[in-house]
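Coordinate-derived values only; no laboratory data. Computed from a predicted structure; not experimentally measured. Cβ coordinates were reconstructed from backbone atoms using ideal geometry, including for glycine residues, and neighbour counts include every protein chain displayed.
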Amino acid sequence: MTFNPKVSIVIPVYNGSDYLKEAIESALAQTYKNIEIIVVNDGSNDNGNTQRIALSYGNEIRYYYKENGGTATALNFGIEKMQGEYFSWLSHDDVYYPEKISTQIEYLNKQTNKKIVLYSDFTYIDEKFTIIQHIRLPEYAPGMFRPVFIQGGFINGCTLLIPKICFVACGLFNPELRITQDYDLWFKISEKFEFHHIAELLIYYRIHKDQDTLKLGNIRSDEANLLYIGFLKKIKRDEISKFSKKNHSGYYAYFSLRMSEFQFFKAKKYALKLAILNLPFSNFKELHNNLYLIVTLIENKIVKRFFKVLKILSKNIPYQNNI
């Protein structure tokens, strides 16, 4: 029997008249036809422009208006209204490749376990749909997903295809989060369901000046710091052990480096503390590399000098395979 589940494409929108038409058109253009398109207007105040665009599609989409509450509430509203077995998020300013859903259903059709989450590569575009860059994600086995993901492995939420059962088992998006509601939920879902990577470009992700991630800079920083510190507290030690081959100090040190790159400095310091606490458990082969990375991340000059001495000493200790 051919696997042909209904897929619900949910488009949350707030003051989205500039790009909403492109998003809806890309959903309607899907080569996979067993879909429904749900547009949730999150209280737009643009003189009815967003609503007019949505209503112009008549019965081709299901349109709802709600009071403004943020992206998480609009997504949750759409999930509650969906009739499909699988959920696919489409931001109002992004665009699907025509084969986005069909590629994912084809992948699922080959799997024995169809209660898995799929994610893919994606393409950056600008306001005028000029291609900026293709993003190809590294390939990891589903069992390695969580340690990579929480370390700052970037996943675009609109590439995902999620079984509806995931929301029953793990809950919905946290409405108190403005920026990190997606990563917060992916982490919860990944505890119970596998995430599989499809190495295909399936969405166009638009970069423009009106994005919330750009306008809500301070909120983004505060939420992200709490998010990543929470990840480190919640992930199981054996998950990190399996991924890092028991090099916990090295894992935390690299985590700290990634947080420094993102400028999430509270999370950086927390991860660095864990790297230092786990340093004594490094074997001689790992010790030099771990020390080197820790030294580059430490800001206190006295502590930094101490670790530089340890680094020099560790470099001169011969590594023995039988230890």
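Listed peptides 244-250, 71-77 appear in the order 71-77, 244-250 once ranked by packing, highest mean of other Cβ atoms within 10 Å at the front. In order along the range 77-90, the Karplus-derived 3J(HN,Hα) couplings, from 6.51 cos²θ - 1.76 cosθ + 1.60 at θ = phi - 60°, round to 4, x, 5, 5, 8, 5, 10, x, 8, 10, 10, 9, 8, 10 Hz, and Gly and Pro are given as x. Near Ser256, once Lys and Arg are set to +1 and Asp and Glu to -1 for all other residues with Cβ below 12 Å from its Cβ, the sum equals +3. Taking amide hydrogens as placed 1.01 Å from N in the peptide plane, the amide H of Ile132 sits under 5 Å from those of Tyr124, Ile125, Asp126, each at least 5 positions away in sequence or on another chain. Return the whole-Å distance between the Cα centroid of the range 251-287 and the Cα centroid of the range 88-161. Here the answer is 28 Å between Cα centres.
Per-residue 3J(HN,Hα) values for the range 5-15, derived from phi via the Karplus relation 6.51 cos²θ - 1.76 cosθ + 1.60 with θ = phi - 60°, read x, 6, 10, 9, 9, 9, 10, x, 9, 9, 6 Hz in sequence order (x marks Gly and Pro).
Close amide H partners of Arg62, meaning residues 5 or more places away or on another chain with modelled amide H under 5 Å apart, are Ile37, Ile38, Val39. For the range 253-268, 3J(HN,Hα) computed residue by residue from phi via the Karplus equation (6.51, -1.76, 1.60; θ = phi - 60°) reads 5, 5, 4, 4, 4, 4, 5, 5, 5, 7, 6, 9, 6, 5, 5, 4 Hz, glycine and proline entered as x. Result for the chain in a Gaussian network model with C-alpha springs under 10 Å: among Asp46, Asp93, Asp210, the largest mean-square fluctuation is at Asp210.
For the range 7-218, compute the number of Lys pairs whose alpha carbons are separated by less than 12 Å, excluding pairs fewer than 8 positions apart on the same chain.
Summing the qualifying lysine pairs gives 5.
Per-residue packing, averaged as other Cβ atoms within 10 Å, sorts the ranges 235-242, 189-196, 116-123 into the order 116-123, 189-196, 235-242, beginning with the highest.
Evaluated with a Cβ-only charge set (Lys, Arg +1; Asp, Glu -1), the chain carries a dipole of roughly 1880 debye about its Cα centre, given to the nearest 20.
So, with +1 on the Cβ of K and R and -1 on the Cβ of D and E, and no other charges, what is the size of the charge dipole of the range 1-83 about its Cα centre, to the nearest 20 debye?
The dipole of the range 1-83 has a size of about 260 debye.
Amide H contacts under 5 Å for Gly84: Ser8, restricted to partners 5 or more places along the chain or on a different chain, H placed in the peptide plane at 1.01 Å from N. Each of (i) 20.9, 70; (ii) 32.6, 106; (iii) 22.3, 74 is a candidate for Rg and Dmax of the Cα atoms in Å; the one calculated from this structure is (iii).
Would you mind counting up the charge near Asp222? Only other residues with Cβ under 11 Å from its Cβ, with Lys and Arg at +1 and Asp and Glu at -1.
Computed value for this residue: +2.
Taking 19 Å as the straight-line reach from the Cα of Lys234, the aspartates and glutamates in range (excluding those fewer than 8 positions away in the same chain) are Asp182, Asp184, Glu191, Glu194, Asp222, Glu223. Once the Cα atoms are used to define both axes, helix 181-190 deviates from the longest principal axis of the chain by about 70 degrees.
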